[in-house]
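Worksheet: the structure to be examined is printed underneath.
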Amino acid sequence: MSAPIVALDARDAYAPELRGWGRYELELVRALRDGAGEGLDLLVLERGGAGPEVLFEQFKLPWALLRAGAAVVHALNCWLPLVRPCPGVVTIQDLAFEDWPGDFHPVTGRKYRTIVPLAARSAQRIICPSEFTRDDVCRRYGVEPGKVRVIPLAPALAPGELEPPPGPYLLGIGDLRAKKNFGALVRAFGALRREQGIPHRLVLAGVDAGSGAELRRLAGSEPVELTGYVSDARLDALIRGADVLIHPSLYEGFGLVLLEAMARGTPVVAARATALPETGADAAAYFDARGDGGAEALRDVLGGLLGDPDAGGALAQKGRERAALFSWERTARETAAVYRELT
């Protein structure tokens, strides 16, 4: 008996500049191929072809599934064909496009808000990286919880040998957009420079998605560096060299950057918001980001951590232990189990 064919729409994994979705897709495909997908015939779709994306996702892909005799299709980034010849699995990392529509191009945001609810309702199984996202999807879209599987992510950056930049610095990682709340971090950093005289600079590593000019204005003369997109090797080095990784985001479906820092022994400070406490557990220090984004609360938590090396060391050790609980082998194994439920 031939192995069931599982088609994976993994186009984001082959983009020239990997971001969150693409990294998830790349690591999942690698782990499935490395053994977690044993007994399954994987058909990995790397490109969508010419024309609008939605044309491929909703029309060309179903025909390709039919021709291939696919037993299951897994849309790794929301865009599950609504009419298809086989059961469908869809991964929904978060619903930021619902709460933060201004962070998305109008056309992109409209596509998400139109198709994702339909995909979630039509899917035989939904994969979410956190209980927070699962609950959000079920509440907003009226999805039956029994068809949702929570499968966490894992650290994805390979540790390298590139030297971190010199001098003490604090680090924030993520696209420069409103929901990331980097404005609160810049304000807290400026306050700590003025009030405690910390010697650090602040490095924000991420593509400018609309907030760069405002962050530069808030920084004024303070040493705040906006790097733009950085390679995996440089990002790994930046994390290893940072005194603290700060993730002030107001909305995350998982918060993979927390685990990347923890795996490298870099202490983490994060907003007590959405999925971040679920991912970081007791291995991160948290601040209340309500109101103005939590600049004052962040200043207090970060200042206390910088002023207490023992606390930072204890947090780093907890972080290493926390990150060790996650692996892409586990993520892929649990994902393959979802496929087997449907074949």
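For segment 111-129, the count of residues that are touching a residue at least 12 places away in the same chain (Cβ under 8 Å) and at positive phi is zero.
Does residue 133 satisfy the criteria of being surrounded by 22 or more Cβ atoms within 10 Å (Cβ to Cβ), within 19 Å of residue 103 (Cβ to Cβ), out of contact with any Cys (no Cβ under 9 Å at 6 or more places or on another chain) and assigned by TED's automatic domain parsing to the domain that holds residue 79?
Numbers: surrounded by 22 or more Cβ atoms within 10 Å (Cβ to Cβ): yes; within 19 Å of residue 103 (Cβ to Cβ): yes; out of contact with any Cys (no Cβ under 9 Å at 6 or more places or on another chain): yes; assigned by TED's automatic domain parsing to the domain that holds residue 79: yes.
So residue 133 passes the test.
Here residue 194 meets the list (1) touching a residue at least 24 places away in the same chain (Cβ under 8 Å); (2) surrounded by fewer than 21 Cβ atoms within 10 Å (Cβ to Cβ) almost entirely, failing just condition (1). Output yes when any residue across segment 189-203 is aliphatic (A, V, I, L, M), within 29 Å of residue 244 (Cβ to Cβ), part of a loop (DSSP other than H, G, I, E, B) and within 20 Å of the chain's Cα centre (by Cα), and no when none is. No: zero hits. Based on this model, can you work out whether residue 44 counts as closer than 21 Å to residue 128 by Cα, within 24 Å of the chain's Cα centre (by Cα) and free of Cβ contacts under 8 Å to residues at least 24 places away in the same chain? Spelling it out, it is not the case that residue 44 is closer than 21 Å to residue 128 by Cα, within 24 Å of the chain's Cα centre (by Cα) and free of Cβ contacts under 8 Å to residues at least 24 places away in the same chain.
The residues of segment 290-332 that are of a type in the set (Lys, Arg) and not in a helix (DSSP H, G or I) amount to a single one, 290.
Give 31, 7 a once-over and let me know the one that is part of a helix (DSSP H, G or I), in contact (Cβ under 8 Å) with a residue 40 or more places away in the chain, in contact with a helix residue (DSSP H, G or I) (Cβ under 8 Å, 6 or more places away or on another chain) and not acidic (Asp, Glu).
On the way: 7 fails: part of a helix (DSSP H, G or I).
Within the list 31, 7, the selection yields 31.
Within segment 164-174, being surrounded by fewer than 21 Cβ atoms within 10 Å (Cβ to Cβ) and under 25 Å from the mean Cα position of the chain (by Cα) holds for 164, 165, 169.
With respect to the stated conditions, residue 332 is assigned by TED's automatic domain parsing to the domain that holds residue 150, under 22 Å from the mean Cα position of the chain (by Cα) and under 25 Å from residue 21 (Cβ atoms).
The values are calculated or read from the model by the stated rules, or taken from the named source; none is laboratory data. For clarity, every value in this text was computed on a predicted model and none was experimentally measured. Every residue, glycine as well, gets a Cβ built from its backbone with ideal geometry; the counts of neighbours run over all protein chains shown.
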